[in-house]
1. Kindly state, to the nearest 0.05, the FRET efficiency for LEU214 paired with VAL130, given R0 = 22 Å and r defined as their beta-carbon distance.
2. What is the set of long-range amide H partners of ILE58 at a cut-off below 5 Å, with H atoms built 1.01 Å from backbone N?
3. Mind running the shape call on region 157-198? Use the C-alpha gyration tensor, a ≥ b ≥ c as the square roots of the eigenvalues: rounded below 1.5 for a/c, prolate if a/b tops b/c, oblate otherwise.
4. First check a/c for region 76-221, with a ≥ b ≥ c the square roots of the eigenvalues of its C-alpha gyration tensor; if it is under 1.5, answer rounded, and if not, answer prolate when a/b is larger than b/c or oblate otherwise.
5. So, in nm, how far is label ALA123 from label ASN109 when the simple model puts each one 7 Å beyond its Cα toward the Cβ?
6. Counting only the backbone N, which residues of region 95-112 are under 20 Å from the spot 7 Å out from the Cα of PHE153 toward its beta-carbon?
7. Apply the Karplus parameterisation 6.51 cos²θ - 1.76 cosθ + 1.60, with θ equal to phi minus 60°, to every residue of region 173-182 and state each ³J(HN,Hα) to the nearest whole Hz, in sequence, with x for glycine and proline.
8. Among residues other than TYR136 whose Cβ falls under 11 Å from its Cβ, what is the net charge (Lys/Arg +1, Asp/Glu -1)?
Amino acid sequence: MPKGKSNRIEADLRQRIGQGEWAAGERLPDERSLAADYEVARNTVRRAFTALEDEGLIMRQVGRGTIVREQPDQHASGILKRFQGASPLDILNLRLFIEPHAAAAAARNASESDLRSIQQAKAMAEQHYVLETYEYWDNEFHRRISLASGNRFISEFFSLMTIIRYAAPMMEIRRLWFTEERRQGYGRDHDRIMSALENWDSEAAKIAMRDHLLARRKNYFGQ
């Protein structure tokens with residue numbers, strides 16, 4: 001049987017899967033049905049299936065047939081979608097897992113220019129009383145600490161956090177509980193974090209960041 005036929009079937013099935021005719025987890029027609037559709041022998045379809053399976057596009061399971069596999073980019077898109085739909089409390093709890101360790105790493109790895117950049121963001125936050133501009137510089141303070149950690153994946157994570165930070169539900173909570181007393185309290189928290197960074201004290205930086213985020217969580221959610 002000429003290999004060209006199986007190549008054409010392989011290409012056609014790949015295109016149909018890519019266009020969403022069969023979604024991830026769905027079963028393709030069996031070899032007999034496809035052979036009839038394409039007017040070829042079953043072993044020609046089988047050869048096309050083998051090529052697509054080797055490529056990782058499909059998998060053949062006993063008792064289930066031939067299944068479209070979920071692709072890594074689809075999986076990542078699903079994670080991102082769920083991440084963006086997470087509750088503000090879930091996001092703040094996630095920050096509590098990550099940012100104290102980022103602050104500890106920054107205390108070990110920050111250069112003098114990193115520290116100046118973090119200090120600048122802190123000072124700018126202290127000068128602003130309107131929520132939107134305050135939030136910008138507060139975010140910059142935290143973002144620059146993540147950059148100073150020296151871990152690219154932490155800084156990439158924080159870029160994603162920034163998108164979620166400005167989502168409507170989170171900003172509404174921030175707007176509801178933004179008071180001058182709390183702004184000043186956050187400023188004192190930032191002073192503690194900054195002092196730990198400047199003294200290369202990773203444990204103090206970790207604790208100060210954790211306490212800061214715990215204060216935010218208590219203010220926003222009473223926890």
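Values quoted throughout were computed directly from the atomic coordinates according to the rules given, and no laboratory measurement underlies them. Note that the coordinates shown come from a computational prediction; the quantities given were computed from them, not determined experimentally. Neighbour counts are summed over all protein chains in view; Cβ atoms, including those assigned to glycine, are modelled from backbone coordinates with ideal geometry.
1. Numbers: r = 25 Å, r/R0 = 1.16.
Result of the calculation: an efficiency of 0.30.
2. When sequence neighbours closer than 5 places are left aside, the close amide H contacts are GLU53, ARG69.
3. Oblate.
4. Oblate, since a/c reaches 1.5 and b/c is not below a/b.
5. In this crude spin-label approximation the distance works out to 2.6 nm.
6. Counting only backbone N, you get 95-110.
7. 5, 4, 5, 5, 10, 8, 10, 5, 4, 6
8. Numbers: positive: ARG143, ARG165; negative: GLU132, GLU135, ASP138, GLU140.
Value of the local net charge: -2.
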